[in-house]
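One structure is given here, and the rest of the page talks about it.
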Amino acid sequence: MKYITIAFGSRQNDLDESDGLFRAELAKMSPKVQPLRWDAIDSNVAQDSSAIVFRSVWDYPEKIEEFRHWVNMLQSNKTLTINCLDLVAWNMDKKYLSVMSKTGILIPKSILPLTWQDVISFVHEHDAEKFVIKPRIGGSGLGVNCFTKGEVLDIKRSPEEDCSDIIVQTFCPEIFDGELSFIFIGGTYCHSILRKPNAPEFRVHRKYGGFQAVRIDPPDGLVQQAEQILEKLPSIPDYARVDAFQRDGLLICSEIELIDPNLFLHLAPETAKRLAEVVVKKVAASAGDSGSGL
């Protein structure tokens, strides 16, 4: 019998509280469960795993080339991963937001610039007081900055300078009312979380002073809009977190997290059980297809 391996961050000593609940539920259903740092999972571990579940691999943007090499290794080993590697690759670069906007999903006004001149033109074209510049590959608010229009125009950079590694968006003040996170397991909505930044800071993360996340029950109309966002993805993920804020009853999607989202399972223990069930079902189906055991 092979292990179900839970991958977490390379700087962590163990799973966090949320994923610890998932591990406990999974251990009730499968006798061999092991959490490991993602960069400690080599080809031998992959071959001895019936599945690798991506969880708090939050540091991967800082080691992006190593992470890509690792993902390629999993691909070469034909390792079952949760989520699947196609979705992981699709979600790694924030250009997916531009793709989603073309399907009718509302996002902040954005540009994927090629040069600094593209940034300057975007700022001139939009009547916004502030703009957000963030890495296309990044997470946890790292490298995300907010500037006034004047501050952007005052930045001394060559117009021809390569800027293909960033995304620029108009700042949306609705974020101060809070960011809603809709958690889905197996394509089914499970629960929602509200996080608020500590103004004037606009990032909701605790390390930037954001307030404690709370579980909420949003109106059905907002849940339905989040479900519509999920339906626009290339395929239905085993787990997902849709982050958004609302404007006049409409959801503005800020992120879709398919690689390493905090699912806030400590605020919704029943969802931890649901995730474990989805993983075990996926592993059993894969074992049946290959004719091998778990």
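Pick from segment 127-181 the residues that are free of Cβ contacts under 8 Å to residues at least 24 places away in the same chain and assigned to a strand (DSSP E or B): which of them is surrounded by the most Cβ atoms within 10 Å (Cβ to Cβ)?
Looking at the filtered set, the residue picked out is Phe147.
Which of the residues spanning segment 99-109 are touching a residue at least 60 places away in the same chain (Cβ under 8 Å) and of a type outside the set (A, V, I, L, M)? Quick ask: steps written out before the conclusion?
Here is the first cut: in segment 99-109, the residues touching a residue at least 60 places away in the same chain (Cβ under 8 Å) are 100, 103-109.
The answer is Thr103, Gly104, Pro108, Lys109.
Of (1) touching a Pro at 6+ places or on another chain (Cβ under 7 Å); (2) under 18 Å from Arg68 (Cβ atoms), Lys95 satisfies all except one. Which?
Result: Lys95 fails condition (1) only.
Consider Pro108 against the criteria (1) assigned to a helix (DSSP H, G or I); (2) touching a Ser or Thr at 6+ places or on another chain (Cβ under 8 Å); (3) more than 24 Å from Glu277 (Cβ to Cβ): it satisfies all of them except one. Which criterion is unmet?
(1)
Can you pull out the residues in segment 62-105 that are more than 19 Å from Leu142 (Cα to Cα) and either in contact with a Cys (Cβ under 9 Å, 6 or more places away or on another chain) or assigned to a loop (DSSP other than H, G, I, E, B) (or both)?
Across segment 62-105, the qualifying residues are Asn77, Lys78, Thr79, Leu80, Asn83, Cys84, Met100, Ser101, Lys102, Thr103, Gly104, Ile105.
The conditions are (1) surrounded by 19 or more Cβ atoms within 10 Å (Cβ to Cβ); (2) modelled with pLDDT of 95 or more, and Val45 fails exactly one of them. Which is it?
Every listed condition holds for Val45 apart from (1).
Here's the yes/no breakdown for (1) farther than 27 Å from Cys84 by Cβ; (2) under 18 Å from the mean Cα position of the chain (by Cα); (3) among the polar types (S, T, N, Q):
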position	(1), (2), (3)
Leu142	no, yes, no
Asn145	yes, no, yes
Arg157	yes, no, no
Ile166	yes, yes, no
Ser181	no, yes, yes
His191	no, yes, no
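What's the number of the only condition in (1) within 21 Å of Leu263 (Cβ to Cβ); (2) hydrophobic (A, V, I, L, M, F, W, C); (3) outside any loop (DSSP other than H, G, I, E, B) that Val204 fails to meet?
Single failed check for Val204: (3).
If Ala27 passes every condition in (1) loosely packed, with under 15 Cβ neighbours inside 10 Å; (2) in contact (Cβ under 8 Å) with a residue 40 or more places away in the chain but one, which one does it miss?
The single condition Ala27 does not satisfy is (2).
Do you know which residues across segment 196-223 are under 14 Å from Leu251 (Cβ atoms) and in contact (Cβ under 8 Å) with a residue 40 or more places away in the chain?
Correct list: Leu222, Val223.
To keep it simple, each residue is scored yes or no on (1) assigned to a helix (DSSP H, G or I); (2) over 24 Å from Ile64 (Cβ atoms); (3) in contact with a Ser or Thr (Cβ under 6 Å, 6 or more places away or on another chain); (4) touching a residue at least 12 places away in the same chain (Cβ under 8 Å).
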site	(1), (2), (3), (4)
Leu194	no, yes, no, yes
Glu227	yes, yes, no, yes
Leu230	yes, yes, no, yes
Ala240	no, no, no, yes
Phe245	no, yes, no, yes
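Here is a list: Phe131, Phe122. Which entry is closer than 28 Å to Arg206 by Cβ and touching a strand residue (DSSP E or B) at 6+ places or on another chain (Cβ under 9 Å)?
Exactly one residue qualifies, and that residue is Phe131.
Could you check how many residues of segment 213-225 are aliphatic (A, V, I, L, M) and in a helix (DSSP H, G or I)?
2
The values are calculated or read from the model by the stated rules, or taken from the named source; none is laboratory data. These numbers come from a predicted model, not from an experiment. We place every Cβ from the backbone using ideal geometry, glycine too, and count neighbours over all the protein chains shown.
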